[in-house]
Structures are given as structure tokens and as C-alpha cells.
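What follows is a set of notes on a single structure, which appears directly below.
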Amino acid sequence: MNTPAIRHAPVRTCGAILFTALAVFVQCGAGQDRLFRAPKEKPAAFREVWGYLMRGEEHELKGNEPLTDICYFSARVDGNGKLAGPRDLPGAVKNRSARWHLVVAEISNSLLIGTCINPSHPARKALMKDIIDFSGSFAGVQIDFEAVNPWDRDNYISFLADLKALLGPEKILSVALPARVRKVADAYDYAAVAAVADRVVVMAYDQHWSTGEPGPVASLPWCRDVAAYAKSAIPAGKLVMGVPLYGRAWQEAQHGGALRDSRVREILSRKRPKVEVDPEKGPFMVYTEKVRVRAYFNTLESLTERTRLYSKEGALGVAFWRIGQGDARLWDHVRVAEAAKE
């Protein structure tokens, strides 16, 4: 049997692979071994290694991960500006040595977040109180607000500063920020956030995402640019670079669009489907189309290329989104700095 060839994307170092739904993705023998082989380079070392754990996926945490910090995702802000979600660590893993952080997330509702960070609105103090109450058993809190409007920048920064003051020195305030390769006139001012937060997690992923053009989630050249800008605005002792453990696939042919009469006739002629007429909904037909899928994903080598990059750039740590999504061998190729000293 002939083994189908693997076509690499134009940029070799991005770690992205193109395949089609009509081709055999899983390769046999030596081809698969080459694709998923372990890198020979030494493990990347960081003073802190962070990982995101989704609530309900606690079973994905095996105990052998070299994690200093676990971000428990997530408590969410409901429509009334109140916090909803976990108030305590998962019972089965309370005794882990890692620091656990409660993630407070709102990723799409800019109006809700604008209200909750407005210093003149009572929802701000109420949300802060909830965060403090919920954080009782956690070592820290991470704020992941991904829909802050540019005009709410000052309110956002002051919200973070006030929250840090309430948390006190004993709890770590970390903030997740979108990836940038240059300063942008938005709410996510890297330097201003770093001035009030204990850690800044730069989410160096979603370079391409589901509603845009197909492409790598985090190509190596793009990651290099993101890291360079992050270093220019965030002190190395606070900088944690996010690493995606997931890939993404795009259907190249979309079949949900409008049908012209000429297209209907073409389908009837080519596919010869059975046409039925519903007395209320009108005529309809069911037929099958072959679909090409373009998918970009990670290999162990492409993942460790990024971790080695961030280690060389001097980042305090890396943060993996998310535990359970990547190659289980990854944990053999990243080390906490103290354990990696020779």
C-alpha cells in the first residue's frame, strides 16, 4: 500500500500541516514516526510553568505535569454582574503542590464588562466582592476579560489596580491579554497592566481563527514577533507566554449559502437527488457533497519550538491552553528552572 505524502505548509517552522478530508491523515510506519517523533533538544526551562484546566476536565490532570501554577477555568460574570462558578478547588486535587488560580472570564459581552468596571456603577464593587469571596482557597486570581472596549481602558486598568489592592500581597493577580505585535489603541495596554498585575499572560494564539482565513494558530515567526513586543512592554519577571495545545480546521467549501435557480438546476442534473414537496415548507432535496478541510495542528516538535523560543527570550514562564489537548509527551520537554539546573 502506498503511503500518502504529507504536504507541509509554506513556512516550515510554523509546525502546521495541511490535509484534506479525502486523504488518509494518519500515516503508517516511518512517515508517522517522522511526524510525531520527539525532539532531540534539551527541555526548555522556566521558573514558572502554567497550565489551564477546564472545569469538568479534572481527569485530564494526571499528576506528572511539571506545573507550578494551574489556572482553573472558569468563574464567569453573569448577566447581572454577579460571579458564578467554582468557589473551591476540586476535591480530588486539593493537595497538589502547584498554586491554583481562579480564572474570572468574560470573553464576548463588552457592554456587561463595561458596566462592571465602571467606577460609578455599583456593579463594580459587587463584582470585586464576589471575586474576593470566591478566591478564598486559591493562591491567585486571573482576570480574562477579552471584550473590553477601547474607551473603557482607564476603567479597566483602575479595576485591576483596585482588585489587586483588595487581594493583598498574599494572592497573585494575573491578567490574560490578547497577543499583539505592536502597540494598539485599545484597552489592553501591556505596560499599564503590567504596572498593577503580578503576572501578565500573553495569549500567543489565535493568529488565525474559525471566522477568518485558514492558517496556523500560532506560527513561529508570529510568536517571535509577539514575544519581542511583549518583552518591550512587560518586565521579564512578570511575563508568561501562552502556548496553544490545539489546532484548528476550516471547511474550504461552504454549503450554507443562497441557491440561485441555476445552481438548483445544476445540482438536480449532477446529483439527481430525490425531490420532495412539503405542503408547508415547499420543495426540498437531500444530497451529499465532498468537502475539503484545511487543518493546522501541533506536533511535539512544533510545540517545543515555541517553548524553546520563549525560554531563549527570557520569559518568566509559559502557560499551556489547555491541559488534556496536547501530546502527553510534552511534559518531558519542559522543566521548572530549578529542576533543570545542571
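The values are calculated or read from the model by the stated rules, or taken from the named source; none is laboratory data. Predicted model, so just to flag it, every value in this text is computed and none were measured. Please note: Cβ atoms are built from the backbone with ideal geometry, for glycine as well, and neighbour counts cover all protein chains shown. The protein model used for the area step is the full one, side chains on, heavy atoms only, and it has no ligands, DNA or RNA in it. Shrake-Rupley method; radii C 1.70, N 1.55, O 1.52, S 1.80 Å.
A few remarks follow.
- For the stretch 251-260, the criterion of being touching a residue at least 24 places away in the same chain (Cβ under 8 Å), touching a strand residue (DSSP E or B) at 6+ places or on another chain (Cβ under 7 Å) and not acidic (D, E) is met by at least one residue.
- Looking across the stretch 234-254, just one residue is open to solvent by 50 Å² or more (accessible area, probe 1.4 Å), of a type in the set (A, V, I, L, M, F, W, C) and closer than 26 Å to G215 by Cβ, and that is A249.
- Checked against (1) out of contact with any Leu (no Cβ under 6 Å at 6 or more places or on another chain); (2) not in a loop (DSSP other than H, G, I, E, B), G136 passes all but condition (2).
- Count - residues of the stretch 139-165 that are among the basic types (K, R) and either in contact (Cβ under 8 Å) with a residue 60 or more places away in the chain or over 21 Å from A185 (Cβ atoms) (or both): 1
- The C-beta contact set for the stretch 81-102 (first residue touching a residue at least 40 places away in the same chain (Cβ under 8 Å), second residue of a type in the set (K, R) and surrounded by 14 or more Cβ atoms within 10 Å (Cβ to Cβ), distance under 8 angstrom, 6+ apart or interchain) comprises L83/R76; G85/R76.
- Residue tally, condition open to solvent by 50 Å² or more (accessible area, probe 1.4 Å) and under 14 Å from the mean Cα position of the chain (by Cα), over the stretch 305-341: 1
- Inside the stretch 136-175, residues that are surrounded by 15 or more Cβ atoms within 10 Å (Cβ to Cβ), out of contact with any helix residue (DSSP H, G or I) (no Cβ under 7 Å at 6 or more places or on another chain) and under 17 Å from A84 (Cβ atoms) make up a count of 3.
- Residue pairs whose Cβ atoms lie under 7 Å apart, sitting 6 or more positions apart in sequence or on different chains, and linking a residue in the stretch 118-138 that is farther than 17 Å from E170 by Cα and aliphatic (A, V, I, L, M) to a partner that is in a loop (DSSP other than H, G, I, E, B) and open to solvent by less than 60 Å² (accessible area, probe 1.4 Å), are A123/G81; A126/G81; L127/G81.
- Condition check for G257: under 21 Å from K290 (Cβ atoms), open to solvent by 20 Å² or more (accessible area, probe 1.4 Å) and part of a loop (DSSP other than H, G, I, E, B): yes
- Of the set (1) modelled with pLDDT of 95 or more; (2) open to solvent by 20 Å² or more (accessible area, probe 1.4 Å); (3) in a helix (DSSP H, G or I), all apply to A230 but (2).
- Residue that is farthest from G324 (Cα to Cα) [pool: residues in the stretch 268-300 that are touching a residue at least 60 places away in the same chain (Cβ under 8 Å) and either open to solvent by 50 Å² or more (accessible area, probe 1.4 Å) or in a loop (DSSP other than H, G, I, E, B) (or both)]: K290
- Criterion applied to D206, D162, D186, D154 was being of a type in the set (D, E, K, R) and at positive phi, and the one residue passing it is D206.
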